[in-house]
Amino acid sequence: MTDFKEYTAAEKQAVSDINKCSSADELENIRVKYIGRQGLLKDLFSQMGKSPEKERPARGRELNRIKKKLTDLMEKRKSEFVSSCKKEDIFDPTLPPPLIERGKIHPVRKVLNEVENIFRSMGFGVAYGPDVETEYYNFTALNIPENHPARAMHDTFYVKGYKNTLLRTHTSPVQVRVMEKKKPPYKFIAPGRCYRRDTVDASHLPVFHQVEGLMVDCNVTFADLKGVLHLFAKRMFGSKVKTRFRPSFFPFTEPSAEMDISCGICKGKGCPSCSYKGWLEILGAGMVDPEVFSHCGVDSDKWQGFAFGMGIERIAMLKYDIHDLRLFIQNDLRFLKQF
Ligand code: DAH
């Protein structure tokens, strides 16, 4: 009977080392020591050549049995270490990175940026005014009379405790603020938020955005107004769009007009999107009323100019054929992801 004492001692020692070890690193050292390429088992395998030839098969079988036993035992221990480890401690470089959802620019902001870019390219600057205004800037200086319905409590948010103070109902007061401070000529737009006491429905929100525009110089005419706004419409809605100007009334412009664009859906033939008119109103405009100039200390004999104002949500609705204003504020990703 062949004597495997030496093998058995090695086996016993290895099993005890494996059972005692307390970390994956320690286990790896044990693996190298016993079954690594220069480990103890390898030595025993090499020494086998010195033993009598007829013993060799039995020795080989025994060493292989020990090797398998140690390997299995180490695998088992290894998996215990891994499963006792906290999930976040395991770094697996083969996993794909966690999904990062990219945000998108809100459609109102997107259209606002486009409007700004178009006017900047025509040489307009950008001016800002406060959201909280006084009655003077929001109404009086713009030639909106004391008894105008827009001044009523049910149309405007007045700031409690502050006399004559309100949330601006349009961006037109920025015209006055700029003209008061600087001498003409002027060529700027004024984007921003506006507020009105409207009940929320598909076409009304109490908070919305407008872009105001003002161009004043020594000989600015209604032809300049038409040229600038027609070019704006083409850049915004595509080169095929048609524009038309209808006479209108605003207290701060004389004469006043509203600009329509041809309906992009039916191309002017008439469809539900344009209420079968073929045209869609997009902005109000006109030549600045001398009364407004006089409030700002601008000499209307020397300077003339035009002003315009448009609702950004409305432009976005026309551009993207959106039929309900409320979509802009509901934060529904199915809607927002489309832009
Ligand atoms: N402020 C007007 C409004 O909120 C819009 C407007 C119309 C502005 C004509 C203008 C203009 O500058 O000339 O309805």
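Every condition in (1) within 30 Å of residue 328 (Cα to Cα); (2) surrounded by 10 or more Cβ atoms within 10 Å (Cβ to Cβ) holds for residue 103 except the one numbered (2). Within segment 156-179, if we keep just the residues that are touching a residue at least 12 places away in the same chain (Cβ under 8 Å) and basic (Lys, Arg), the residue that is surrounded by the fewest Cβ atoms within 10 Å (Cβ to Cβ) turns out to be 177. Of all residues in segment 117-165, those that are within 14 Å of the ligand (Cβ to nearest atom) and either part of a loop (DSSP other than H, G, I, E, B) or more than 24 Å from residue 297 (Cα to Cα) (or both) total 13. For segment 271-304, the set of residues classified as of a type in the set (Gly, Ala, Ser), more than 14 Å from the ligand (Cβ to nearest atom) and surrounded by 15 or more Cβ atoms within 10 Å (Cβ to Cβ) consists of 273, 278, 300, listed by residue number.
Would you confirm, using the coordinates I've provided, whether residue 264 is surrounded by fewer than 20 Cβ atoms within 10 Å (Cβ to Cβ), at pLDDT below 95 and not aromatic (Phe, Trp, Tyr)? In short, yes.
Give me the pairs: first residue in segment 266-291 and touching a residue at least 60 places away in the same chain (Cβ under 8 Å), second residue within 16 Å of the ligand (Cβ to nearest atom) and charged (D, E, K, R), beta-carbon distance under 7 Å, and six or more apart or on different chains, which are they? Pairs found: 286/254; 287/254; 289/254. Annotation note: of 197, 177, 235, 193, the sole residue that is in a strand (DSSP E or B) and modelled with pLDDT of 95 or more is 193. The set of residues in segment 75-97 being of a type in the set (Lys, Arg) and exposed (fewer than 10 other Cβ atoms within 10 Å of the Cβ) consists of 86, 87. Being within 26 Å of the chain's Cα centre (by Cα) and surrounded by 12 or more Cβ atoms within 10 Å (Cβ to Cβ) holds for only one residue in 119, 139, and it is 119. Within segment 189-205, the residues that satisfy the criterion of being in contact (Cβ under 8 Å) with a residue 12 or more places away in the chain and under 18 Å from residue 131 (Cβ atoms) are 189, 190, 191, 192, 193, 194, 195, 196, 197, 205.
Selection within segment 208-257: residues that are away from the ligand (no atom under 14 Å from the Cβ) and within 27 Å of residue 140 (Cα to Cα). The member of this set that is surrounded by the fewest Cβ atoms within 10 Å (Cβ to Cβ) is 219.
Within segment 305-316, identify whether any single residue is buried (at least 20 other Cβ atoms within 10 Å of the Cβ), modelled with pLDDT of 95 or more and in a loop (DSSP other than H, G, I, E, B), and answer yes or no. No, segment 305-316 has no match at all. Residues in segment 282-321 that are of a type in the set (A, V, I, L, M, F, W, C) and touching a Pro at 6+ places or on another chain (Cβ under 8 Å): 287, 298, 303, 312, 316.
The values are calculated or read from the model by the stated rules, or taken from the named source; none is laboratory data. In this text, all values refer to a predicted model and were calculated from it rather than measured experimentally. Cβ: placed from backbone, ideal geometry, glycine included. Neighbour counts: every protein chain shown.
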